[in-house]
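Trainee: Shown below is the structure under consideration.
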Amino acid sequence: MNTNLKISIVTVAYNAENSIENTILSVLDQTYKNIEYIIIDGGSIDNTINIVKKYEHNNLNYISEKDNGIYNAMNKSINMVTGDYVYFLNCGDTFHSNDTVKEVVEFLSRNKTEILFGNIQNVYTDHKQIEYYNNLKIRSSSFLKGQSICHQAIFADRKIFEDIQFDEQYKICADKNWIIECMVNNKNFMHANILICDFDKHGISANPQNSYVIKSETNKMLKGRFPIKFYLFKSIRFVPMFFRR
């Protein structure tokens, strides 16, 4: 395992006093220690920053200032991270186990890829459900029109963000747009059968009330990029071109 591989983990927070601590602890408890942890707070007015300050001495850096939403905050973090790979862990989400980052680094030590994506466990109020990804699934035509890879499943080479950041015109789907931009620009994706994140299904993108916004933003990004006839009839052949074996 290449222990020189540095992982930057970013958490975006706003008024998250009820969830931020579990997220922080899931990072600090990782057995792999070559980690840089950055919290981007949007100027919380509750107890969030006081909780963050408890862990300042644990190689945790943070800023707290007003921003223009989650993707503006994520873009802001790109100017701060120094790791080889970047991972975004949202407030309320946690790593699946204390060895998760270690498993990811072991995989990256054996396999050269720009974007690693693993699996996630969706956490509902009364049950949990594992969501498995694989190379074939995300090459299907339904991938573009339907659910994308959850960005909490993705570790990305920091150099990618020099050219491709999150498009802030999208309030919920900028992460999906970022994935498609990476595909269009022939970035190398590789699936690792690692359960990476316990994903809180009570966040903004999981809220059924936001389904219309998600559909609207998805249609906007696809229509702006693909001729409609090509998208409808040739997407099955189109998607695999984004992936290198």
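Trainee: Per q in 0.11, 0.23, 0.26 Å⁻¹, report the Debye log10 I(q)/I(0) for region 1-95, using one uniform scatterer on each alpha carbon and no solvent.
Mentor: Here log10 of I(q) over I(0) equals -0.28, -1.22, -1.53.
Trainee: If Lys and Arg each add +1 and Asp and Glu each add -1, what is the summed charge of the other residues whose beta carbon sits under 14 Å from the beta carbon of V12?
Mentor: Taking every Cβ under 14 Å from that of V12, the sum is -4.
Trainee: Can you flag which of K112/K215; K54/K176; K33/K76; K66/K201; K33/K187 are past 32 Å Cα-Cα?
Mentor: Pairs exceeding the cut-off: K112/K215; K54/K176.
The numbers here are math on the coordinates, done by the rules we state, and not lab data. These figures come from a predicted structure and were not determined experimentally. Here the Cβ is made from the backbone with ideal geometry for all residues, glycine too, and neighbour counts use every protein chain on show.
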